[in-house]
1. About the Cα centre of segment 14-98, how large is the charge dipole given +1 on each Lys and Arg Cβ and -1 on each Asp and Glu Cβ? Please answer in debye to the nearest 20.
2. Once amide H atoms are built 1.01 Å from N in the peptide plane, which residues 5 or more positions from Leu32, or in another chain, come under 5 Å H to H?
3. Identify all lysines with a Cα-Cα distance to Lys19 below 27 Å; exclude those on the same chain that are fewer than 8 residues away in sequence.
4. Separation between the Thr68 and Asn27 pseudo-spin-labels, each 7 Å from Cα along Cα→Cβ, expressed in nm?
5. Among Leu32, Val83, Thr68, whose Cα lies farthest out toward the positive end of the dipole of segment 14-98, if unit charges sit on the beta carbon of Lys, Arg (+1) and Asp, Glu (-1)?
6. Given the Cα-Cα distance of Lys91 and Glu78 and 0.36 nm per residue of separation, how much length would full extension add, in nm?
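Just so it is clear, none of the values below were taken in a lab; they were calculated from the coordinates. Being a predicted model, the structure only gives us computed values, none of them experimental. For neighbour counting, all protein chains shown are included, and Cβ atoms are generated from backbone atoms with ideal geometry for every residue, glycine included.
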Amino acid sequence: MVPGHFDWDDVGDFASLTKLINNGRKNDLAVLGPKARVLSDAASGILVSQTSRVISLIGVKDIVVVDTPDALLVTTVEHAQRVKGVVESLKLTGRGDVL
């Protein structure tokens, strides 16, 4: 790669974000959040935390965890695109306060 240039990547989902943060390494766990407290053993994927609760991930591959004060999302990179459907369902049922 030429210095000052970068490859294009459409960060439209958790899989793309995980790949970017981990520099393409599939077997790593990407952790985002200034207060994130994570214990990880043989886990890969992405964890986004807005809380200071301790989160332990053991032996899970390609996981997506989003921990906020009012909601917890756990899925896999493979199924992360389905989050859009959950968001729409929450809106339709009047539970948009957790979005």
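1. 100 debye
2. When sequence neighbours closer than 5 places are left aside, the close amide H contacts are Leu47, Val48, Ser49.
3. Candidates past the 8-residue exclusion: Lys35, Lys61, Lys84.
4. Taking the simple label geometry, Thr68 and Asn27 are separated by 3.4 nm.
5. Ranked along the dipole, the leading option is Leu32.
6. Computed gain between Lys91 and Glu78 is 2.3 nm.
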